[in-house]
1. Answer yes or no as to whether Ala127 is aliphatic (A, V, I, L, M) and more than 21 Å from Ala296 (Cβ to Cβ).
2. Of everything in region 122-163, what is among the basic types (Lys, Arg) and open to solvent by less than 50 Å² (accessible area, probe 1.4 Å)? Give them in sequence order.
3. Would it be correct to say that Ala248 is more than 20 Å from the chain's Cα centre (by Cα) and open to solvent by less than 10 Å² (accessible area, probe 1.4 Å)?
4. If a residue must be in a strand (DSSP E or B) and either among the polar types (S, T, N, Q) or crowded, with 24+ Cβ neighbours inside 10 Å (or both), how many such residues does region 45-61 contain?
5. For the list (1) more than 23 Å from Pro199 (Cα to Cα); (2) open to solvent by less than 50 Å² (accessible area, probe 1.4 Å); (3) not aromatic (Phe, Trp, Tyr), I need the number of the one condition that Ser177 fails.
6. Mind telling me which of the residues Tyr103, Tyr111 ends up being hydroxyl-bearing (Ser, Thr, Tyr) and open to solvent by 10 Å² or more (accessible area, probe 1.4 Å)?
7. For region 61-95, give me the residue count where each residue is among the charged types (D, E, K, R) and in contact with a strand residue (DSSP E or B) (Cβ under 7 Å, 6 or more places away or on another chain).
Amino acid sequence: MPRSNFLKTGRLALGLAGLAPLLSPSAPTQPRANAVKFVHDPCLIKEGSDYYVFSTGKGIPIRRSRDLIHWEAIGQVFAQDTPGWARAAVPKSEIIWAPDIAYFQGRYHLYYSVSSFGSNRSVIGLATNKTLNPLSTDYLWRDEGKAFESQPGDDYNAIDSNVLPQGKARLAFVFGSFWSGVKLTTADQKTGKPLPGAPIRALARRSSPDAIEAPFLVRRNGFYYLFASFDFCCRGVRSDYNLRVGRARHLEGPYEDRAGKLLTEGGGTVLLATQGQVIGPGHCAILKDGRRWWLAHHFYDGADNGVPTLQIRPLAWDAQGWPSAGEPVSATPKVP
């Protein structure tokens, strides 16, 4: 989602009133055969033999698949569009943005963002569940309320959160969109929420434009990898969104791209950018699935009027430990 301040600077953007119908899981033009259309800001997780995708939209739409190719819409997290407490905190909000899903402390933790275009008065909420299987007797989403927030006086925007467990007690909690970029703080695994008074550190930023958002952290072979989306989403076929990556030996950084440029100085190695009809790929989530790694992201389909569309790709790692995105899955993958 365009959680940016570019409305303030007069740049062209698609307003919520125009974007929300495209993201609605009940949009009348959505194909019934495979629910990959109208997916924006996907996050991906697996429970048992099933994969689940949560995405931006009213109530947080949920999709399920057995093979990462064929998806079915199976409902939404919240019966209402947005929890009442979040709507009260951000009255101009219209739909829920940018969910992130993680499993720890015996429960699934789903983070979500509530904000409005051009503003950093934002909140990150948290909902939890024992299972993702809607047929289970244990299936019940429990809204845990506010996890984090930003005010107009802050130099960051509290949206686009992602968490990475650190040991058995703490979480790395990253977030940020535009303003002064991607931030890191520390959260408590028992509550799933940032610790009061925990320092907020800068991990990545850009200037002119300040278009960076949607961080995602991965740890592999002694490195922390920070994935982020650069440039502008939500313009349909005019979007120039793209995925970048940097890495660091320590969680707090400094993060560098493959050429050695700091992410705090605008660095970031391109992982995925526009290719043919796959326009503006961005806002990724990464899943380690046994010996495989998967990259989930949305793109604007140049063959379908720029409709936001889900795409899943294998993520490979070269001999130097840098990731690359493979071709989109198009047949049932062979899992070792």
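The values are calculated or read from the model by the stated rules, or taken from the named source; none is laboratory data. Fair warning: this is a prediction, and the values are worked out from it, not measured in the lab. All Cβ positions, glycine included, derive from the backbone under ideal geometry; neighbour counts span all protein chains shown. Side chains included, ligands, DNA and RNA excluded: accessible areas come from the protein's heavy atoms. Shrake-Rupley method; radii C 1.70, N 1.55, O 1.52, S 1.80 Å.
1. Working: aliphatic (A, V, I, L, M): yes; more than 21 Å from Ala296 (Cβ to Cβ): no.
Here the answer is no, as Ala127 does not meet what is asked.
2. We begin by selecting, within region 122-163, every residue among the basic types (Lys, Arg); these are 130, 142, 146.
Passing the criteria: none in range.
3. Values: more than 20 Å from the chain's Cα centre (by Cα): yes; open to solvent by less than 10 Å² (accessible area, probe 1.4 Å): yes.
Judged against the criteria, Ala248 is a match.
4. Going through region 45-61, the residues in a strand (DSSP E or B) turn out to be 45-47, 50-54, 57, 61.
Restricting the remaining residues to those that are either among the polar types (S, T, N, Q) or crowded, with 24+ Cβ neighbours inside 10 Å (or both) gives 53-54, 57, 61.
The number of residues fulfilling the criteria is 4.
5. (1)
6. It is Tyr103.
7. Keep residues of region 61-95 that are among the charged types (D, E, K, R), which gives 63-64, 66-67, 72, 81, 87, 92, 94.
After this cut, where a residue has to be in contact with a strand residue (DSSP E or B) (Cβ under 7 Å, 6 or more places away or on another chain) as well, the list is 63-64, 66, 72.
Of the residues in that region, 4 qualify.
For every residue, the table says whether it meets (1) at pLDDT 95 or above; (2) small (Gly, Ala, Ser); (3) at negative phi.
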residue	(1), (2), (3)
Asp154	yes, no, yes
Ala158	yes, yes, yes
Asn162	yes, no, yes
Ser177	yes, yes, yes
Ser207	no, yes, yes
Pro215	yes, no, yes
Tyr224	yes, no, yes
Arg238	yes, no, yes
